[in-house]
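The values are calculated or read from the model by the stated rules, or taken from the named source; none is laboratory data. What you see is a predicted model; the values in this text were computed from it and never measured. Note that each Cβ is placed from the backbone with ideal geometry, even for glycine, and that neighbours are counted across all protein chains shown.
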Number of protein chains: 2
Amino acid sequence: MSLATNEDFQGVASIPTGLRTVQLKAPYLIYFGDVRDKGHAKTGLGLIQWRREHCAGQLRGQGCQVDGGLPDMTISQAVAAGVGSIVIGVASEGGTIPKAWINDLAQAARAGLNVVSGMHVRLADFPEIQLAARASGARLLDIRTPPRSIPVGTGEKRSGRRLLTVGTDCAVGKKYTALALEREMRARGMDADFRATGQTGIMIAGTGIPLDCVVSDFLSGAAELLSPAASPDHWDVIEGQGSLSHPSFAGVSLGLLHGAQPDALVLCHDPSRDYLLGAGAGRKFPVLPVSESIEQCLTFARRVNPEARFVGVAINTSALPDDDKAALVDRYERETGLPVVDPIKDGTARIIDRLLGE
Amino acid sequence: MSLATNEDFQGVASIPTGLRTVQLKAPYLIYFGDVRDKGHAKTGLGLIQWRREHCAGQLRGQGCQVDGGLPDMTISQAVAAGVGSIVIGVASEGGTIPKAWINDLAQAARAGLNVVSGMHVRLADFPEIQLAARASGARLLDIRTPPRSIPVGTGEKRSGRRLLTVGTDCAVGKKYTALALEREMRARGMDADFRATGQTGIMIAGTGIPLDCVVSDFLSGAAELLSPAASPDHWDVIEGQGSLSHPSFAGVSLGLLHGAQPDALVLCHDPSRDYLLGAGAGRKFPVLPVSESIEQCLTFARRVNPEARFVGVAINTSALPDDDKAALVDRYERETGLPVVDPIKDGTARIIDRLLGE
């Protein structure tokens, strides 16, 4: 049977993405628009966290309630400071560009800054932005354009080893944890590569596949393409997406889980969150208990890899006093039998110990 | 938060599809190409089964091993017989058009027949076909083009009631069962609509959303759009896709399950099949036991609709003697506590009885 591709469902790619290298012109001005919470500013905050050396400043519009800790700059100041690109630092669920931002982005393009977007919509579809870029010669870079030839997933076994971060919700640290695990692995001399599946991860890594904009028939095929066969000791550390229990995005999570065929999984969880982020305005969905999430993921992971196992839990305890954090870690460790860490405060060494120790 | 759309990920639609009515010019010549098994000929066979009155003939190429029971016709004979459209009757996993078919389709277009395709690739992307259609004025109709504005799923409760067919595999009768259930409901005076999610269903119903080519972030949103709020007694009978246990397509199945928010589910199963159809050439995946499939679907269905329940199992017993069929039905009924029917031999009355009787 011939392999099919999603070639005809992609818009025109502004830049080569997919498994090819994305080249962003540094330094960056991070654009936060009118974002009100850190969860939806994760693109900008993640880029600042992992590529601080490339971030010159931030531009915050009216109503913005997020501070990335960079110097505030106007577009003129950014130009004077030698900024190369304005990067949209806000990730809304669906990736639209609100009208309020268009003026700012057009002004930046007119001033010669490249515009980098991880939104679902394409920059070139906003005539004000496109005309401004054309006038100055600035480039419009859409990170969220998947590669043009993705096969249907086969479920066939590939050589090499894979770790996938999964979550009890969106925006619970799946990308951060994967990046921290890759860093820890490399520090120990392990052969490891972070595999980005979302716009921020792709901006940080310079490569990856934006899974949430792959045509759905090719989801697991995209995950297979993202982490191809490798040498037996090589680890792909794959950035998870969404959550199997999130009614808006679980399809993406399951396609990724099946295609990744993980040998090891790490669950990411925000203990301060009682209800899912971003699902139904009029309806609340409780976050599943950690142990239930683990069981759910394992059932599906073992369908494609009978050896799949969890090796740790990563929690976000930024809002907790130290004593409360210790009690929580203790509780989750008893519940799951796994090492539980806050990757920001504790690092991920205990998870890698578990991965290697068994 | 503003609703996002997948507007920018669709190709140019040759015809209005989505929730608008698709108009196909009858009668049809069903094109079977070189297909070797009925599973992959389900588009053509389904159209013949449910719209026999619109099907004038079939065109089978070299190596074709499927017979739809229609008169064999060449393209010249079809033109002489007043055929309006050639309909590609073959559904490959990914929806590609092999080179061997291009000549036939171009010849049909040149002879003035409209060409109807449910493939992922667009007809207009094959220059031979496009030029032939342009010369004769024939139309190229791509059924598998989703609507241009799909929101992210919200998980919010909608009025009206919904039944979803799910499966232990691809091609186990989910569309057939849904159509048979709609027919039975209407025969009883119930207010019911079949909701098509795949190319054949859309061809039969004249409306629907091709879920497998929706951008994955919008999967559950597409399912919500497909079965909008309705009057309290109205039933949407939604055609399922794939299987939660199929490593190639489970993402689509889960997005549909979450977006459909079914009140009632019917499991479709082929007892003669030990391994999944169409997964990994080099690897076999066992079909899950019926009761395990039911449990798996219920877990996810109840996430969005706590009242979700199974009301029946539909099995394909075409290959079995009557005695064996009776034993099998008995076994599954004891295993599941549900009415088990072969919709082709038995109809679906017992499932509707269960639906209404509790």
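Before moving on, here are some points about what is shown:
- Selection count where residues are assigned to a helix (DSSP H, G or I) and modelled with pLDDT under 95, scope region B:107-123: 1
- Residues within region B:206-224 that are in contact with a strand residue (DSSP E or B) (Cβ under 8 Å, 6 or more places away or on another chain), in a helix (DSSP H, G or I) and not aliphatic (A, V, I, L, M), tallied: 3
- Take the conditions (1) within 30 Å of A:ARG283 (Cβ to Cβ); (2) surrounded by fewer than 20 Cβ atoms within 10 Å (Cβ to Cβ); (3) among the hydroxyl-bearing types (Ser, Thr, Tyr); B:THR336 misses just one of them, which is (1).
- Members of region A:170-205 that are among the charged types (D, E, K, R), in contact (Cβ under 8 Å) with a residue 60 or more places away in the chain and assigned to a loop (DSSP other than H, G, I, E, B): A:ARG188
- Scanning region A:295-327 for residues that are more than 14 Å from chain B (Cβ to nearest Cβ) and in a helix (DSSP H, G or I), we see that the one that is surrounded by the most Cβ atoms within 10 Å (Cβ to Cβ) is A:LYS325.
- Subset of region A:124-150 [within 14 Å of chain B (Cβ to nearest Cβ), touching a Leu at 6+ places or on another chain (Cβ under 7 Å) and among the hydrophobic types (A, V, I, L, M, F, W, C)]: A:ALA124, A:ILE129, A:LEU140, A:ILE150
- Filtered residues of region A:29-56 (kept if of a type in the set (Lys, Arg) and in contact (Cβ under 8 Å) with a residue 40 or more places away in the chain): A:LYS42, A:ARG51
Residues are listed down the side, and each one gets a yes or a no for (1) β-branched (Val, Ile, Thr); (2) surrounded by fewer than 20 Cβ atoms within 10 Å (Cβ to Cβ); (3) touching a residue at least 40 places away in the same chain (Cβ under 8 Å):
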site	(1), (2), (3)
B:PRO98	no, yes, yes
B:LEU105	no, no, yes
B:ARG110	no, yes, no
B:LEU113	no, no, yes
B:VAL121	yes, no, no
B:PRO127	no, yes, no
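- When region A:61-100 is limited to residues that are in contact with a helix residue (DSSP H, G or I) (Cβ under 8 Å, 6 or more places away or on another chain) and part of a strand (DSSP E or B), the one that is nearest to the other protein chains (Cβ to nearest Cβ) turns out to be A:ILE88.
- Options B:ASP263, B:ASP233, B:ASP193; residue that is under 18 Å from B:LEU356 (Cα atoms) and touching a Lys or Arg at 6+ places or on another chain (Cβ under 7 Å): B:ASP263
- Qualifying residue in region B:302-315 (condition: farther than 22 Å from B:GLY259 by Cα and either in contact (Cβ under 8 Å) with a residue 12 or more places away in the chain or not hydroxyl-bearing (Ser, Thr, Tyr) (or both)): yes
- So A:ILE344, is it at pLDDT below 95 and assigned to a helix (DSSP H, G or I): yes
- Filter result for the condition that a residue is within 18 Å of the chain's Cα centre (by Cα) and among the β-branched types (Val, Ile, Thr), over A:VAL87, A:VAL83, A:VAL66: A:VAL87
- Any hit, region A:182-192, residues being out of contact with any Pro (no Cβ under 6 Å at 6 or more places or on another chain), within 14 Å of chain B (Cβ to nearest Cβ) and not charged (D, E, K, R): no
- The numbered conditions (1) modelled with pLDDT of 95 or more; (2) closer than 24 Å to A:GLY221 by Cβ are all true for B:VAL313 except (2).
- Only one of the numbered conditions (1) outside any helix (DSSP H, G or I); (2) buried (at least 19 other Cβ atoms within 10 Å of the Cβ); (3) at pLDDT below 95; (4) more than 14 Å from chain A (Cβ to nearest Cβ) is violated by B:GLY46, and that is (1).
- The lone exception for B:SER272 - which of (1) assigned to a loop (DSSP other than H, G, I, E, B); (2) under 24 Å from A:THR154 (Cα atoms); (3) at pLDDT 95 or above it fails: (3)
- Pick from region A:151-169, criterion more than 9 Å from chain B (Cβ to nearest Cβ) and part of a loop (DSSP other than H, G, I, E, B), ranking: nearest to A:GLU224 (Cα to Cα): A:ARG158
- Qualifying residue in region A:259-270 (condition: more than 13 Å from chain B (Cβ to nearest Cβ) and surrounded by fewer than 19 Cβ atoms within 10 Å (Cβ to Cβ)): no
- Just one residue in the set B:LEU288, B:LEU257, B:LEU277 is within 16 Å of the chain's Cα centre (by Cα), part of a loop (DSSP other than H, G, I, E, B) and either farther than 16 Å from A:SER253 by Cβ or in the same structural domain as B:VAL340 (by TED's automatic domain parsing) (or both); that residue is B:LEU277.
- Test: residue in region A:197-207 that is more than 14 Å from chain B (Cβ to nearest Cβ), buried (at least 21 other Cβ atoms within 10 Å of the Cβ), closer than 16 Å to A:VAL266 by Cβ and among the β-branched types (Val, Ile, Thr): no
- Picking from residues in region B:59-98 that are hydroxyl-bearing (Ser, Thr, Tyr) and at pLDDT below 95, the one that is nearest to B:ASP37 (Cα to Cα) is B:SER92.
- Subset of region B:129-168 that is touching a strand residue (DSSP E or B) at 6+ places or on another chain (Cβ under 7 Å) and hydroxyl-bearing (Ser, Thr, Tyr) - its residue that is surrounded by the fewest Cβ atoms within 10 Å (Cβ to Cβ): B:THR168
- Scope region A:210-242; condition more than 25 Å from A:SER117 (Cβ to Cβ), in contact with a helix residue (DSSP H, G or I) (Cβ under 7 Å, 6 or more places away or on another chain) and more than 10 Å from every other protein chain (Cβ to nearest Cβ); matching residues: A:SER227, A:TRP235, A:VAL237
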